[in-house]
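Take a look at the structure set out below.
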Amino acid sequence: MPDTIRIVIAEDNYLVREGTRRLLEESGEVEVLASVGTAEDLIGAVDRLKPHAVITDIRMPPGHHVEGIEAAHAIRERHPHVGIVVLSQHSDAAYAVQLLKNGTDGLAYLLKSRVGDLDEVMHALREVVAGRSVVDAGVVQKLVESRSRQLESPVRLLSERELDVLREMAEGKSNASIAESLHVSDSSVEKYVNSIFSKLGLGEERAMSRRVAAVLTYLRNSGSGSEALS
């Protein structure tokens, strides 16, 4: 572990960027080599300055979507030993999963609300520089809740083809439209639909009510764990 951690900060909000820079520099343990406002500038700064780690916002120009995560992946490909801390306002576990999809070493996902807690940020920096990973406790809780919903949900009992049919139902399609979309017969769709109703425990309601209830069950149990159903 270096005595002084050399980092690059990426954040499009100037006040947040400068506030983070000053907070970290005042710790006496961090040297901020550059503070930039775009993902493109972040990648360029890492190429040029070779920091120990970077701290980046998840959303930056031009699209304000997941540019920080995309930049993190690009940096890991080009500079695998650079630690990366991604800051986000979103506790949705799907963002953390997207960041960590290619591996967890040297990566951290923290909520922006932690920035004011110097100990939390320094801990994350030390961990990623050492090649370890950190995921915000709030996000871990979301992951646990999502997994619990999936394990408890009757949706997990559905076959892959039944899930295909249920997704089509969720788009408001009739049996005939589903048959056309999935290239199966109308009678096959009817069998799948009846099986879905049975597995979801929807045997007593009227046909239309059962369709609505099935779709609601699917939507409630998708959430941040929707990847498991796709």
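Residue-wise test of (1) surrounded by fewer than 19 Cβ atoms within 10 Å (Cβ to Cβ); (2) at pLDDT 70 or above; (3) under 30 Å from Ala96 (Cα atoms).
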site	(1), (2), (3)
Ser159	yes, yes, yes
Ser185	yes, yes, no
Val189	no, yes, no
Glu205	yes, no, no
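Listed here are the residues, each with its yes/no results for (1) part of a helix (DSSP H, G or I); (2) touching a residue at least 24 places away in the same chain (Cβ under 8 Å).
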position	(1), (2)
Ile55	no, yes
Ala71	yes, yes
Lys101	no, no
Tyr109	no, yes
His123	yes, no
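Can you tell me which residue is nearest to the chain's Cα centre (by Cα) among those in the stretch 1-34 that are modelled with pLDDT under 95 and of a type in the set (Gly, Ala, Ser)?
Gly19
The values are calculated or read from the model by the stated rules, or taken from the named source; none is laboratory data. Keep in mind it's a predicted model, so treat the numbers as computed, not measured. Here the Cβ is made from the backbone with ideal geometry for all residues, glycine too, and neighbour counts use every protein chain on show.
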